[in-house]
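Chemist: Before we start, here is the structure in question, set down as structure tokens.
Where a number appears in this text, it was derived from the coordinates with a stated rule and is not lab data. Computed from a prediction, not measured in an experiment: that's the story for all the values here. Cβ: placed from backbone, ideal geometry, glycine included. Neighbour counts: every protein chain shown.
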Amino acid sequence: MAFQTSIELLRFHWVAYSIYAAIIISVVAWFGYNLTREEKAKSVVRIPFYGYIAFLVAGGVGHHIFTYNMIPWVSEDIMRHNITPDKSFDIEIANHQFKMPEKMEIKKGEKVFFNATSHDLTYGFGLFRQDGTLVTQMQVNPGSRNDLLWTFNECGEFDVMSTEYAGPEGNSMKVKKAVVVTGCDQKGGNS
């Protein structure tokens, strides 16, 4: 199982963390119940309790160890020095304005390199779906290398917005439908 989009990953983690939280709440309830009992818990009861805690720790750590490979952008980020992008876009930011190509057209599955430069403040470069959910983002610091390698696995039009606070003027830093990703079949949408 590999996740193609951040939405799929979020759904999976929502289910996993909801189950994990319910188990932790049950531990707290069990502990609270044992505190209210008149007779003290025997040593034999403590062994399952600590076993339960060990299970929770192993489950929480194991969840992250076994799912980090399923996040598509992790291996891409680690191996990026070996990856040649299909397209590259330069973005300049100054005075609370993005300077970039009017439309960045990309095909589904292409690896795209965004190279962003700030000339004055710390800004953010975020790609957002039309429903307002975040696809990816990076911080853009002046005088630093700021780049992002991303593979687009979903089609649609994406807005670019600053994801960092750069004063009140930063609230208007939005370019609607700046990135257009095509190449999905008409029936299946993002398949």
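Chemist: Suppose R0 equals 22 Å; then what is the FRET efficiency for Lys87 and Leu134 from their Cβ-Cβ distance, rounded to the nearest 0.05?
Modeler: 0.60
Chemist: How tilted is helix 6-36 with respect to the longest principal axis of the chain? Cα atoms for both, answer in degrees (0 to 90, nearest 10).
Modeler: Taking Cα atoms only, the helix is inclined about 20 degrees.
Chemist: Still on this structure: Taking the chain as the reference, fit the longest principal axis to its C-alpha atoms, fit the long axis of helix 43-67 to the helix C-alpha atoms, and give the angle between the two in degrees, 0 to 90, nearest 10.
Modeler: Once rounded, the angle reads 10 degrees.
Chemist: How far apart, in nanometres, would the label points at Ile78 and Trp14 be if each is projected 7 angstrom from Cα along the Cα-to-Cβ direction?
Modeler: 2.8
Chemist: Highest GNM mean-square fluctuation, the chain, Cα pairs closer than 10 Å: which of Asn171, Asn146, Asn82?
Modeler: It is Asn82.
Chemist: Out of all DSSP beta bridges in the range 85-182, what portion is antiparallel? Express it as a percent rounded to 5.
Modeler: Antiparallel bridges make up about 70 percent of those DSSP assigns within the range 85-182.
Chemist: Sort 103-115, 147-159, 8-20 by the packing proxy (mean of other Cβ within 10 Å over each peptide's residues), most packed first. Intermediate results must be reported in sequence, preceding the final value.
Modeler: Values: 103-115: 16.7, 147-159: 19.0, 8-20: 13.1.
Highest mean packing first, the order is 147-159, 103-115, 8-20.
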